[in-house]
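Presented below is the structure to which this report refers.
The values are calculated or read from the model by the stated rules, or taken from the named source; none is laboratory data. No experiment lies behind these values; they were computed from the predicted model shown. Here the Cβ positions follow ideal geometry from the backbone for every residue, glycine too, while neighbour counts run over all protein chains shown. Heavy atoms of the whole protein, side chains included, go into the accessibility calculation; ligands, DNA and RNA do not. Shrake-Rupley method; radii C 1.70, N 1.55, O 1.52, S 1.80 Å.
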Amino acid sequence: MFTEGKIGNLKVKNRFIRSATAEFGANANGTITEQYFDLYRQLALGEIGLIIQGHLYIIDEGKAHEKMAGISNQIQVEQLKRLVEVVHNSDSESKIIAQLNHGGVFSTSKKVPSIREGRESVEMTEDDIEGIIIGFKVATKRAKEAGYDGVQIHAAHGYLLSQFLSKRTNTRTDDWGGSLENRAAVLLNSYHSIREVVGSSFPILVKMNGADDPTDGFPLEEGVKVSQWLSDEGIDAIEVSGSKSTRTLKEKENTYFVPFAQEIKKHIGDTVVSVVGGFRFFSTMQKIRDEFADFISLSRPFIREPDLIQKFKNGKKVADCITCNKCFKVEDIVKCRAEE
Ligand SMILES: Cc1cc2nc3c(=O)[nH]c(=O)nc-3n(C[C@H](O)[C@H](O)[C@H](O)COP(=O)(O)O)c2cc1C
Ligand code: SF4
């Protein structure tokens, strides 16, 4: 776990990734606040190989919740530049990636691939879809300008791109629905538009559900196929997740998405795979890393212990996070609230 890895051309000093974690601390206009600087300084000082920032909305109408930060305009970018500098200056080897998202049914615009029964929703027009693809491209240009070491496309957890992938939430009958090729087209086209603007050496990652739960909308065979297409097109890394991503675990550990990631890895050759969800024991991280995974991603353990890696280095065996989900509170900056 402590050996150097690579994602595209990006050197990552160990095999730990901090999976994107919404901070719930932005101003109403999507600019980040001072609280972000402390949070990310702690993570960088904690020697995490790669930090993926909490999701950023690519266009205003894709904002998924209150206090979410954005990368939809230049004012936001000026603050994000400072954040990237804080991370790079805290530890010269620290790397930070911007996660790009559109909330779909969870967004302020409620725009979705197709109308959702029982939920306020607005079906996207052809122009809306083109706007999403351009939105990813322009947001990536801004991320590069801000100094990020790469971007991650958020195609997991039921947000817009994940809604397009699932036949439960995408019942369109045009070129963006029906076959898997059509359902994956917004993701693939967004990826292409990003690659076009940043060239081959800038890392582009994706976070995807290996499969949805229930699986009928997007089963593992489809997760594997989409991963293969992305791999063939040169994606630099796939972080494998699933729906119901922040489970409250009965046991201390249940690394629930490992089977998805293992199956995907079998089909994508050398493309880098990370797996997220439920890792708490160092020995399990090492085992899954030895078996197939290039990286292991963690979210909640780093909320509780930003210095967890140093503790692991010193012999700690298990993270303190008890997976109670009390940190999932939109009201205030993300922190461990287990004792509250
Ligand atoms: C407070 C909180 C915010 C999260 N925000 C994001 C996010 O912005 N983007 C994302 O892809 N996943 C997000 N997640 C999910 C995590 O990245 C991760 O996939 C999930 O928590 C499972 O990993 P863990 O068991 O290590 O926490 C969030 C999780 C938590 C607890
Ligand atoms: S609030 Fe609970 S789930 Fe969140 S970091 Fe603390 S112990 Fe872990």
Original post:
Just by accessible area at a 1.4 angstrom probe, what is the order of 190, 179 from largest to smallest?
Top reply: 179, 190
Subject >> Of all accessible heavy-atom area on the chain, the percent that carbon and sulfur account for (1.4 Å) >> reply: 48
**OP:** In whole Hz, with x marking every Gly and Pro, tabulate ³J(HN,Hα) for the stretch 174-189 from phi via Karplus 6.51 cos²θ - 1.76 cosθ + 1.60, θ = phi - 60°.
**Re:** 9, 6, 10, x, x, 5, 4, 3, 5, 5, 8, 5, 5, 4, 5, 5
Subject >> Other-chain or far-sequence residues with amide H under 5 Å of residue 239's (modelled H) >> reply: 206, 207, 208, 274
**OP:** Please figure out what share of the DSSP beta bridges in the stretch 5-313 is antiparallel and state it in percent, rounded to the nearest 5.
**Re:** 10
**OP:** Counting only C-alpha contacts under 8 Å and six or more residues apart, can you give the relative contact order of the chain as a whole percent?
**Re:** 17
**OP:** Enter the accessible area of residue 255 (Å², nearest 10), with the probe set to 1.4 Å and all protein chains included.
**Re:** 30
Subject >> Virtual spin-label span in nm between residue 6 and residue 141, 7 Å along Cα→Cβ >> reply: 3.0
**OP:** Check each of the GluC sites (Glu not before Pro) in the stretch 175-280 and keep only those in coil by DSSP with at most 16 other C-beta atoms within 10 angstrom; list them in order.
**Re:** 233, 251, 253
Original post:
So what's the back-of-envelope 222 nm ellipticity for the chain, counting only DSSP H runs of four-plus at -39500 (n - 2.57) apiece and dividing by all residues, rounded to 500?
Top reply: -10500 deg cm²/dmol
Subject >> Per residue solvent-accessible surface (Å²) - the chain, probe of 1.4 Å >> reply: 39
Subject >> ³J(HN,Hα), Karplus 6.51/-1.76/1.60, whole Hz, each residue of the stretch 7-21, x for Gly, Pro >> reply: 10, x, 8, 7, 7, 10, 6, 8, 9, 9, 10, 8, 5, 3, 9
Original post:
Rounded, prolate or oblate: which fits the chain when a ≥ b ≥ c are the square roots of the eigenvalues of the alpha-carbon gyration tensor, with rounded for a/c under 1.5 and prolate only if a/b beats b/c?
Top reply: rounded
Subject >> Net charge of Cβ neighbours under 10 Å - reference residue 168; Lys, Arg +1; Asp, Glu -1 >> reply: 0
**OP:** Within the stretch 87-123, report the GluC sites (Glu not before Pro) that DSSP leaves as loop and that have at most 11 other Cβ atoms within 10 Å.
**Re:** 117, 120
